[in-house]
1. Would you work out which of Gln84, Ile143, Gln70 lies farthest towards the positive end of the dipole of the chain? Charges go on Cβ: Lys and Arg +1, Asp and Glu -1.
2. Enumerate the aspartates and glutamates that Lys60 could reach by cross-link, defined here as Cα to Cα under 20 Å, with residues fewer than 8 away along the same chain left out.
3. Consider the candidate values [x] 12, 44, 36, 8, 1; [y] 11, 35, 31, 17, 6, 1, 0; [z] 10, 24, 18, 16, 13, 10, 5, 3, 2, 1, 0; state which one is P(r) over Cα pairs in 10 Å bins from 0, in percent computed from the structure displayed.
4. So how tilted is helix 2-18 from the main axis of the chain? Cα-based, degrees 0 to 90, rounded to 10.
5. At 222 nm, what value in deg cm²/dmol follows for the chain if DSSP H runs of at least 4 each add -39500 (n - 2.57) and the sum is divided by all its residues, to the nearest 500?
6. So if I place +1 on the C-beta of Lys and Arg and -1 on the C-beta of Asp and Glu, and nothing else carries charge, what would the dipole magnitude of the stretch 33-78 be about its Cα centre? I want it in debye, nearest 20.
7. Working from Cα positions, state the angle (0 to 90°, nearest 10) between the long axis of helix 134-143 and the longest principal axis of the chain.
8. Any idea what angle helix 35-64 forms with the longest principal axis of the chain, computed on alpha-carbon atoms, 0 to 90 degrees, nearest 10?
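What follows draws every value from the coordinates through simple rules; no lab data is involved. Small disclaimer: the values here were computed from a predicted structure and weren't measured. Quick reminder, even Gly has a Cβ in these numbers, built from the backbone with ideal geometry, and neighbours come from all protein chains shown.
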Amino acid sequence: MKKSIAAFLLVLFTLPCLAETTGTIDYQRVLTNYPKATKAYSELDDQASEMQRYLLDKEKEYKKLESPIQRKAFEEQTAKTLEQKKAALAKIQEKKEQEIDADIDKAIKAVAAENGIDKVVDFRVMYYGGVDITDKVIKKLNIK
């Protein structure tokens, strides 16, 4: 009987040691305050604007064409070029997003380890509790 009570008390006192600590993060705020991310998104916006200007220029050229055959060939060539530009932009966007996500992931893991946090979730899924590490992650990213 004494052994079972001792075992029960041992388990009871060690349970808090087994508890996991959960951290929360506002990922959108991290992105907004990470200069590498804001620069990348600004560059992508510039490239999208350049594509918009390309379309406007092509529209002006199209209006100057008189022959239906010329217009058809022009439409096909412009569509082909536009698809190539879109594909290139999508590839650049994917690469930049992967780099940014990797940087943020690395910072989150480092901050979590430094603060004894076992898991980190987006703040929107945590109704109560958790340790907000958003500012620490932003600070870690901006030290680089």
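1. Of Gln84, Ile143, Gln70, it is Ile143.
2. Glu50, Glu75, Glu76, Glu83
3. [z]
4. Result, in degrees: 30.
5. Working: 5 runs with 110 residues, N = 144.
Computed mean residue ellipticity for the chain: -26500 deg cm²/dmol.
6. On the way: 9 positive and 10 negative charges, 11 e Å.
The calculation lands at about 60 debye.
7. Orientation of helix 134-143: about 60 degrees from the principal axis.
8. Orientation of helix 35-64: about 20 degrees from the principal axis.
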